[in-house]
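Worksheet: one structure, shown below.
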Amino acid sequence: MKFRTRSIHVGAEPDPATGAVVPPIHTATTFIQPGAGEWGKFDYSRSGSPTRNQVEKTIASLEGGVGALLFSSGMAATHGAMMLLQSGDHIVAGSDIYGGTYRLLHKILSRSGIEVTLAPAHDIESFKAAFKPNTKMAWIETIGNPLMTIPDIRAIADFTHSRKGLLGIDNTFATPSLVRPLELGADIVMHSATKYLGGHSDCLSGALVVGDEQLFKDLYFTQNATGAVLGPFESFLLGRGIKTLDLRVKEQSRSAMQIARWLQKQPMVKRVLYPGLETHPGHELAKRQMGGGFGGMITFEIDGDLAATKRVCESTKIFGLAVSLGAVESLIEQPATMSHASYAIVDKVRFGITDGLIRLSIGLEDPEDLQNDLAQAIGT
Amino acid sequence: MQTDKIQESIPGTTPPLRVAGPSTQCVHAGEARQKMADAITDAICCSSTYTFESTKSVIDFIEQKQPREEYGRYGSPNEKVVERKLAALDNGEDAIVFASGMAAAVGLYMAKLNAGDEIVFFDQCYHRSREFCSKHLSRFGVVTRQVPTGDFNAMEAAITSKTKMLVSESPTNPHLTVIDLEQFAALGKEHKIETMIDATLASPYNIRPLDYGVDYVWHSCTKYLGGHNDLLAGSIVGSKEKLESVRNLRGIMGGINSAHNLYLLERGLKTFALRMERHNENGQAIADFLTNHPRIEHVYYPGLSSHPTHSVAKRTMRGFGGLITFLIKDADWRKTADVVDACRISRIGPSLGGVESLIEQPLVMSYFNYPPEQRAQFGIPDNMIRMACGIEDTQDLIDDLAQALDS
């Protein structure tokens, strides 16, 4: 079965008890066991629940993994993966990553004696140079946030493996509809499923997918022991959203391409960061690594200071001013003060998260409506 | 092809940016720009009753000085959002949502018809619609006259001084006959009789009957509008004035929908335009595939030039939907059932319009207890299959049908 068919049918097999084409939502927290000390398929819903497991099966199939685990948020999923590390270990992470991941690395993992170095993942030599003898994990994003950089996943995976480390990759921006990092050698794929996978701005969720049975068991053990699992209602909404994932992402990619090209022509716009543009330094790599589109996220920089940027973000009429992304509704935000507010000022400067950056998440609206909205907000 | 004339502008924008495109409407129409708690999505408001601050606010409400909620049976915030969105998509002034498609039709009939009144309808239709009119409306003294689908002379001949409503589906189920809506609406206007179209199989993405002067559009929102096979809902769209009595009666009869369901419907509507494009693409591709298959005797699909109403369809519809009816060559009911049973992606089940493809044999699914002569009258042969294409990969669906036909 092809991707789109799997997104609808894998994990959503009809309920044998009723024939229901949409499996029921199982809210049970506990399950009756066959005998004392004898365990049925499900025991306690932190350890596994039918509704959550169905959606895990769908996501595993879409990413081409052996198994997936759903968490209560993207950050819980990231943390779930990073709990594989222990005191004394070192992690190399991309320099433009989600602000929340930056905060987890610098403010939480650091407390456990885990050391972090940030390096630009799109610059393979600098990234390699950041590895130390105790580096146990590399953490990158398929498309860097917010600078839309493109790392060479295969090259980083090979290098990380040569150092006996694991490569974790946040595939939130691209989704398996465009990139399947496990096929390129990554060990752990992480999703803030709140974004494109759910797709409707209405269920907070995270996912980990792996291609190795032992690694799956290790991650499952940690998840079960620490407990940040996804609830049944959110699992249902997530599964429902995934059924239109491919349709949405392809459409959002088409619209984003059109809008990125248009933004390039606006005199007020200094530069447009979109991997689909020939001017993007990672364009050739993106073309090789991605299939079917370049995603729905665009970052651009206006010729103006923090206040001028703020004004643009505050004057759209269709784009909502909000963090998050990947949903049917288009959103606009200013990374410097919103999604990447957690970055230390020195790192903002060092890695180019400037005040004039604006990040767009292209929704499902008519691209012409979105373009007109941006035109009036930028004041072209 | 119909024009993209959509009256509703983006809510909360003054002046309107421009007339919004259909996918923009799906995402934003009918919703407040700024919602409760500044949330981007509408809250699910489960309240059965709504409290008043003081006696004065009760009196203000009764005197219609202050529009607000009162009691769940009369309406709810989730319902209002969905109703505004549905009205916008059909280019109508108002919409009323019911617990199911049938509840919506019954709600309209009960509000508009009295003992002694008559209705005339085209005979190709959902068997439960026919059953309600002929078996149940008759108990209340309403006379139902059925005439051959698309035969406007017969429809006109059936009109009497007591006729109150002309009714049809378009496209019809399962033969997918497309009605000339201009002619249909004109016949009603000429005789001062209201007209109603069940446009469930087309959906407002493919056709908007109100644009042609039809008075009411009826949808089973369970199908394309909800789109995920996970909720039941029905709606009537039309003018505020004409729908007032329907809304009042619904408040008494109580066939309303629930907040959870309405939220799912609103969520489903966000991807409605996108899903319809895919349903249309899959429907056309599969109809083309079946047309050229040696085991197929006939294909009913309005997008095929062989369909008797293809030219009307082409003139009035944006696309032709995901429903296809076809006949297996030289097959009895059992051999036909073998094809249905051999499908691996399409599941056997009634309904249509969801992301999952469904397949069924009308003889078995809907007409099993009808005598052969009645099945012949309704045009339901033993070798008929109805497929409701979902939004799966087009090639997967074709491959699945191909192996089912070869087995």
(message) Suppose the filter is in contact with a Phe, Trp or Tyr (Cβ under 9 Å, 6 or more places away or on another chain) and either farther than 24 Å from B:Ile348 by Cβ or within 14 Å of chain B (Cβ to nearest Cβ) (or both); does A:Thr29 pass it?
(response) yes
(request) Check whether at least one residue in the stretch B:265-272 is surrounded by fewer than 18 Cβ atoms within 10 Å (Cβ to Cβ) and modelled with pLDDT of 95 or more, and report yes or no. (result) no
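Residues checked against (1) more than 19 Å from B:Asp94 (Cα to Cα); (2) more than 14 Å from every other protein chain (Cβ to nearest Cβ); (3) among the β-branched types (Val, Ile, Thr):
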| site | (1), (2), (3) |
| --- | --- |
| B:Asp230 | yes, no, no |
| B:Val237 | no, yes, yes |
| B:Leu264 | yes, no, no |
| B:Glu277 | yes, no, no |
| B:Gly283 | yes, yes, no |
(request) Look at B:Pro294 and say whether it is surrounded by fewer than 22 Cβ atoms within 10 Å (Cβ to Cβ) and modelled with pLDDT under 95. (result) no
(message) Being in contact with a Lys or Arg (Cβ under 8 Å, 6 or more places away or on another chain), surrounded by fewer than 23 Cβ atoms within 10 Å (Cβ to Cβ), over 30 Å from B:Asp406 (Cβ atoms) and away from every other protein chain (no Cβ under 14 Å) is true for just one of B:Val246, B:Val312. Which residue is that?
(response) B:Val246
(request) Would you mind finding the one in B:Ala202, B:Ala185 that is surrounded by 24 or more Cβ atoms within 10 Å (Cβ to Cβ) and touching a helix residue (DSSP H, G or I) at 6+ places or on another chain (Cβ under 9 Å)? (result) B:Ala202
(request) Taking only the stretch A:63-78 into account, find how many residues are under 15 Å from A:Glu213 (Cβ atoms), aliphatic (A, V, I, L, M) and assigned to a strand (DSSP E or B). (result) 2
(request) Quick one: which residue in B:Leu290, B:Leu327, B:Leu304, B:Leu323 is within 25 Å of B:Ala202 (Cβ to Cβ) and out of contact with any strand residue (DSSP E or B) (no Cβ under 9 Å at 6 or more places or on another chain)? (result) B:Leu304
(message) Given the criterion under 18 Å from the mean Cα position of the chain (by Cα), among the charged types (D, E, K, R) and under 19 Å from B:Val214 (Cβ atoms), identify the matching residue among B:Asp198, B:Asp151.
(response) B:Asp198
(request) For the stretch A:35-45, state whether one or more residues are surrounded by fewer than 22 Cβ atoms within 10 Å (Cβ to Cβ), of a type in the set (D, E, K, R) and under 25 Å from B:Thr222 (Cα atoms). (result) no
(message) So in the stretch A:318-368, with the set limited to residues that are within 12 Å of another protein chain (Cβ to nearest Cβ), in contact with an Asp or Glu (Cβ under 9 Å, 6 or more places away or on another chain) and part of a strand (DSSP E or B), which one is surrounded by the fewest Cβ atoms within 10 Å (Cβ to Cβ)?
(response) A:Leu321
(request) Report yes if some residue within the stretch A:94-111 is under 20 Å from A:Lys164 (Cα atoms), outside the structural domain of A:Met290 (by TED's automatic domain parsing) and in contact with an Asp or Glu (Cβ under 9 Å, 6 or more places away or on another chain); otherwise report no. (result) yes
(request) State which residue is farthest from the other protein chains (Cβ to nearest Cβ) when the search covers only the stretch A:209-263 and only residues that are surrounded by fewer than 19 Cβ atoms within 10 Å (Cβ to Cβ) and more than 30 Å from A:Leu85 (Cα to Cα). (result) A:Arg261
(request) Could you pull out the residue among B:Ala115, B:Ala103, B:Ala111 that is modelled with pLDDT of 95 or more, exposed (fewer than 14 other Cβ atoms within 10 Å of the Cβ) and in the same structural domain as B:Gly213 (by TED's automatic domain parsing)? (result) B:Ala115
(message) Within the stretch A:267-285, does at least one residue satisfy the condition of being under 30 Å from A:His9 (Cα atoms), away from chain B (no Cβ under 13 Å) and at pLDDT 95 or above?
(response) no
(message) If the requirement is being touching a residue at least 60 places away in the same chain (Cβ under 8 Å) and either closer than 30 Å to A:Ser324 by Cβ or buried (at least 16 other Cβ atoms within 10 Å of the Cβ) (or both), which of these qualifies: B:Cys133, B:Cys45?
(response) B:Cys45
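One line per residue, one yes/no per condition, for (1) assigned to a helix (DSSP H, G or I); (2) farther than 30 Å from A:Asn134 by Cα:
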{"residue": "A:Ile25", "(1), (2)": "no, yes"}
{"residue": "A:Lys41", "(1), (2)": "no, yes"}
{"residue": "A:Arg52", "(1), (2)": "yes, yes"}
{"residue": "A:Ser61", "(1), (2)": "yes, yes"}
{"residue": "A:Gly80", "(1), (2)": "yes, no"}
{"residue": "A:Val92", "(1), (2)": "no, no"}
(message) Restricting to the stretch A:184-238, name every residue that is in a loop (DSSP other than H, G, I, E, B), farther than 15 Å from A:Val55 by Cα and not acidic (Asp, Glu).
(response) A:Gly185, A:Ala186, A:Lys195, A:His200, A:Ser201, A:Gly211, A:Gly227, A:Ala228
(message) Just the residues that are free of Cβ contacts under 8 Å to residues at least 40 places away in the same chain, within 14 Å of chain A (Cβ to nearest Cβ) and surrounded by 16 or more Cβ atoms within 10 Å (Cβ to Cβ), please, taken from the stretch B:366-398.
(response) B:Asp393
(message) So B:Gly12 passes all but one of these: (1) modelled with pLDDT of 95 or more; (2) more than 30 Å from B:Ser161 (Cα to Cα); (3) touching a Lys or Arg at 6+ places or on another chain (Cβ under 6 Å). Which condition number does it fail?
(response) (1)
(request) Residues being under 20 Å from B:Leu113 (Cα atoms), in contact (Cβ under 8 Å) with a residue 60 or more places away in the chain and touching a Lys or Arg at 6+ places or on another chain (Cβ under 7 Å): count how many of those fall in the stretch B:195-215. (result) 0
(message) From the list B:Gly238, B:Gly251, exactly one residue is touching a Phe, Trp or Tyr at 6+ places or on another chain (Cβ under 7 Å), within 21 Å of B:Ile197 (Cβ to Cβ) and in the same structural domain as B:Tyr74 (by TED's automatic domain parsing). Which is it?
(response) B:Gly238
(message) Residues that are over 16 Å from the mean Cα position of the chain (by Cα) and surrounded by 20 or more Cβ atoms within 10 Å (Cβ to Cβ): does the stretch B:53-73 have at least one?
(response) no
(request) Output the number of the condition that A:Ser7 fails; it satisfies all remaining conditions of (1) within 14 Å of chain B (Cβ to nearest Cβ); (2) under 21 Å from the mean Cα position of the chain (by Cα); (3) assigned to a loop (DSSP other than H, G, I, E, B); (4) of a type in the set (Gly, Ala, Ser). (result) (3)
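Condition check ((1) in the same structural domain as A:Lys195 (by TED's automatic domain parsing); (2) of a type in the set (D, E, K, R); (3) in contact with a strand residue (DSSP E or B) (Cβ under 6 Å, 6 or more places away or on another chain); (4) under 26 Å from A:Pro181 (Cα atoms)) across all residues:
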position: A:Glu278; (1), (2), (3), (4): no, yes, no, yes
position: A:Ala286; (1), (2), (3), (4): no, no, no, yes
position: A:Phe294; (1), (2), (3), (4): no, no, no, yes
position: A:Gly304; (1), (2), (3), (4): no, no, no, no
position: A:Gly320; (1), (2), (3), (4): no, no, yes, no
position: A:Glu333; (1), (2), (3), (4): no, yes, yes, no
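The values are calculated or read from the model by the stated rules, or taken from the named source; none is laboratory data. Quick caveat: nothing in here was measured; it's all calculated off a predicted structure. Heads up, the Cβs are rebuilt from the backbone with ideal geometry, glycines too, and the neighbour counts pull from every protein chain shown.
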